Amino acid sequence: MQVFKAFAKIAGKKKFSALLYIGIFMIISILMANQSAKDNNFKETKLSICIIDMDNTAASQKLVDYISSNHNIQDIDTDKDTILDSLYYQSTDYVLTIKEGYSDKISAGEVDDLFSNYKVSGTYSTALFESQLDQYVTNLSCYIAGGFSIDDAISKTAQTSNSEIKVKTENFSDSGSFNSEYIYYYFQYLPYIFIAILISCLCPALLTINKKEIRSRTNCSPVSTTKQTFQITLGAIIYAVIIWLIFMIAALILCGKMLLCREGLLAVLNSLVFMLVVLSMTLLISVLAPSPKATDMIANTIGLGMSFLCGVFVPQKFLGEAVINVAHFLPAYWFIRANNMLAGISDELFSSSKYFSYLGIELLFAVAIFSVVLLVAKTKIRSSSN
């Protein structure tokens, strides 16, 4: 196993670079997974509202109380320049003026010209607040039209408006969904990370051991060409498996028992299969790349290109038909498709046969690329011997 030992020494000299890459990408993957999972969770939003009460009656005060129960009331100077500055710098979302005569108009059943405002038109915050305000006024006027006194109408409106609505996100897939969206996003970004780390860190070691001087010395030894190729490939496989294990151990630490559900374990298997694909790509690049300096450029080109085309960074449902048609010929597309089905966010319900067919396609990519590696390696050996 002299060739294997030589490869291990060469790869060991580059361990600091590998650890640096792993550390950086580990932090990036964790941050992206955390942020993406948070963005998909429902949470109630409170706005910063400034209220100028020109009516100053019990009815207007009840409206102020209603708004304060749903939003943060902010006190600012009421001159126009201060208000506009506050809206421009987004320290205030909406400035509402309750006009004088609000109580009298509401009692008479009038709902027009009750308020004036300063706002940023076309924003979600403006639309949200105005819809709540309109709903309050509509409910209040309905109670008054139904014969309730102004005090009773305000009381009934407060009860109706302050009733809590429980909201929970629901997954409508029958089966095959992660217990945690964090797991989905963690595995979602692994294709880019695996490609970047393996090509950038493993390729230079492979290129070094395959240098003409080192290869000529090795050919003079009693170790056959087949054994040389086997030992180098074995070293590359162990290298790739170690990196894969590091990320899986990190996933287990971060996700805990949630990773041990059926879908979590299938996602782990999917990542292992894709790692084999990336390993075969790395071996191919190592026999084709002109120099170690070119590997970083190749890693970025393949990693970013495949990630954007296959749905790593942009969900597949947002990609155009032409892009999807091209992505079918790339292994990361099938990895993402399997991951989406496990997470229950695709149009496909989970099916074991479909899942393993996607893994089978990934393995076919690995076998095909590895066959090209053997062909190119044998061609180079024959040309060098001649």
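The values are calculated or read from the model by the stated rules, or taken from the named source; none is laboratory data. Remember, predicted model here, so these are calculated numbers, not experimental data. Here Cβ is always computed from backbone atoms with ideal geometry, including for glycine, and neighbour counts include all displayed protein chains. These accessible areas exclude ligands, DNA and RNA; they are computed on the full protein's heavy atoms, side chains included. Shrake-Rupley method; radii C 1.70, N 1.55, O 1.52, S 1.80 Å.
The distance from the alpha carbon centre of the stretch 250-299 to that of the stretch 351-380 is 14 Å, rounded to a whole number.
Applying 1/(1 + (r/R0)^6) with r as the Cβ-Cβ distance of L349 and V376 and R0 = 35 angstrom yields a FRET efficiency of 0.25. Measuring only protein heavy atoms, the 1.4 Å probe finds V326 accessible over about 80 Å².
The phi-based Karplus calculation (6.51 cos²θ - 1.76 cosθ + 1.60; θ = phi - 60°) puts the 3J(HN,Hα) values of the stretch 358-367 at 5, 5, x, 5, 4, 5, 4, 4, 4, 5 Hz, whole numbers, x for Gly and Pro. For the stretch 278-323, the ratio of Cα radius of gyration to the globular rule of thumb 2.2 N^0.38 Å stands at 1.40. Each semi-axis of the equivalent ellipsoid for the stretch 227-386 is √(5λ) with λ an eigenvalue of the Cα gyration tensor; in descending order they amount to 30, 20, 15 Å. Sorted largest first by accessible area at a 1.4 angstrom probe radius, with every protein chain in place, the residues K317, K354 fall in the order K317, K354. Using only the Cα atoms of the stretch 302-381, build the gyration tensor, take square roots of its eigenvalues as a ≥ b ≥ c, and label the shape rounded, prolate or oblate: rounded if a/c is under 1.5, else prolate if a/b is larger than b/c, else oblate. Oblate. Between A250 and L288, the FRET efficiency from the beta-carbon distance, with R0 = 51 Å, is close to 0.95.
Using the Cβ-Cβ distance between S155 and Q135 with R0 set to 22 Å, the FRET efficiency works out to roughly 0.85. A 1.4 Å probe over all protein chains sorts T92, T233 by accessible area into T233, T92, starting with the largest. Across the accessible surface of the stretch 249-362, with the other protein chains kept in place and a 1.4 Å probe, carbon and sulfur atoms take up 71 percent. For K15, what accessible surface area do you get with a 1.4 Å probe? Give it in Å², rounded to 10. For K15, the solvent-accessible surface is approximately 110 Å². Fully extending the segment from T123 to T78 would add 14.0 nm, taking 0.36 nm per residue of separation and subtracting the current Cα-Cα distance. In the context of the full set of protein chains, residues of the stretch 308-357 present 50 Å² of accessible surface per residue (probe radius 1.4 Å, heavy atoms only).
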